[in-house]
Amino acid sequence: SRLPGKKGRTALRAVLVVMLLLTAIMPWIIGIISSSGSEILFFIIVVVFGGLVGMILPLAITEGHGAGAVLDKQAGRVNMADHLGGALGAYLFGIFLVPLLGIGACCIILAFLLLVPLVGLVGGSGVR
């Protein structure tokens, strides 16, 4: 289902804000999971983040399409950026940043990185 214009942009903002907040409190959540020893809490977090990430891609494509882009090209660009960002993020964080800075600092860095698309959406430029 397509959420055109303002509705799509609002939905994308909401998903990004929820991801930003969850990412910022992730060190605390990890502490709870560690102390409780409950694997179910871990799987719940994985499902929640997976669902949120799964919502971003179609919303970003719709946002660009609503701005007049050709849907095929916009979908390709967003998908390419998604894969490139995932690969670079996994490489940089998994090999360098987590071992050097720890999970808590990395969560804060990721939360700040989530501000980038939010600033673009609030500023009116959208996802291009």
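Each reported figure results from applying straightforward, stated rules to the coordinates on display, with no laboratory input. Just so we're clear, the structure is a prediction, and the values are computed from it rather than from any experiment. Because the Cβ atoms are built from the backbone with ideal geometry, glycine has one as well, and the counts that use them run over all protein chains shown.
Observations on the model:
- Within the stretch 30-47: backbone nitrogen closer than 18 Å to the Ala90 label point (7 Å, Cα to C-beta): 46-47
- Normalised contact order of the stretch 4-110, rounded percent, pairs of Cα under 8 Å and 6 or more residues apart: 41 percent
- Cut-off 13 Å (backbone N to label point 7 Å along Cα→Cβ of Leu57), residues of the stretch 75-109: 75-87
- Folded to 0 to 90 degrees: helix 5-24 orientation relative to the chain principal axis, Cα: 10 degrees
- Against the chain, whose longest principal axis comes from its Cα atoms, helix 39-66 is set at around 20 degrees.
- About the Cα centre, charge dipole magnitude for the chain (Lys/Arg +1, Asp/Glu -1 at Cβ), debye: 520 debye
- Segment Arg13..Asn79, full-extension length gain: 21.9 nm, with 0.36 nm per residue of separation and the alpha-carbon distance subtracted.
- The chain: calculated mean residue ellipticity at 222 nm from DSSP helix runs of at least 4, using -39500 (n - 2.57): -27500 deg cm²/dmol
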